[in-house]
Amino acid sequence: MPQRVGAAMRGRRSASLAEADWSAGPERISPLAMLRLALYQPDIPQNTGTLLRMAACLGLAVEIIEPAGFDVSDRHLRRSGLDYLDHVAITRHRSWAAFSAWRVQEGIRLVLATTAGALPYTDFAFRDGDCVLMGRESAGVPGAVHAAADARVVVPIREGMRSLNVAVAAAMICGEAIRQGAGQGTAQGVVLRAGLTP
């Protein structure tokens, strides 16, 4: 069962995002329409902190797939995510199997960012509710995870260069998804839900 952390969810367990209070003033934002960013067994807390800050600013939900290479408890995430942690909806999944079962049950499309991807991210048609999966900094994702993705995208880079930093790649891909209109109401909905003025 996924565990939610963050200001509104700390200490609470829920079977799905739909159980949370996602009201945003007079409007109601469907959590399943939100764009999501999933981190597969992240290695580097500073990268995770940067990704959480980006998610807070852009209104993305974050899925952390454990085990991670560091302690992902609220206290430790707060150290790397600073005060932005209060403005992002985070769900911790104890394993790939748990995350996979949850996302299949919810009907969430998984879009894997991979250096082995064939389709440039700018040519992919993102849609509401997509979950962009970023691999582990040290090793990406294993073959089984790669095969389970509904789509695979790549950020084209110059020949001879190995890869971009995971936070940079995630920002590029999620930015393109938002530009295309994926995650209907994502950024505005989360800002309002957090009690901030747009």
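Bear in mind these aren't lab numbers, they're just calculated from the coordinates by the rules spelled out. Just so it is clear, the structure is predicted and the values come from calculations on it, not from any experiment. Every residue, glycine among them, receives a Cβ derived from its backbone with ideal geometry; neighbour counts consider all protein chains shown.
Under 5 Å between amide H atoms, partner at least 5 residues away or on a different chain: which partners does Leu37 have, H built in plane at 1.01 Å?
Ala61, Val62, Glu63, Val132
Contour minus end-to-end for Ser73 and Arg109, with contour as 0.36 nm per residue of separation and end-to-end as the Cα-Cα distance? Display every interim value, and only then the final one.
On the way: separation 36, 0.36 × 36 = 12.96 nm, distance 2.67 nm.
Here the segment from Ser73 to Arg109 would lengthen by 10.3 nm.
What list do you get for Ile178, Ile65 if you sort them by fewest beta carbons within 10 Å? Spell out each step's value before the answer.
Numbers: Ile178 17, Ile65 26.
Result, fewest neighbours first: Ile178, Ile65.
Please report Rg over Rh for region 31-193, where both radii come from the alpha carbon positions and Rh follows the Kirkwood definition. Could you put the intermediate results ahead of the total?
Details: Rg = 14.5 Å, Rh = 15.6 Å.
That ratio equals 0.93.
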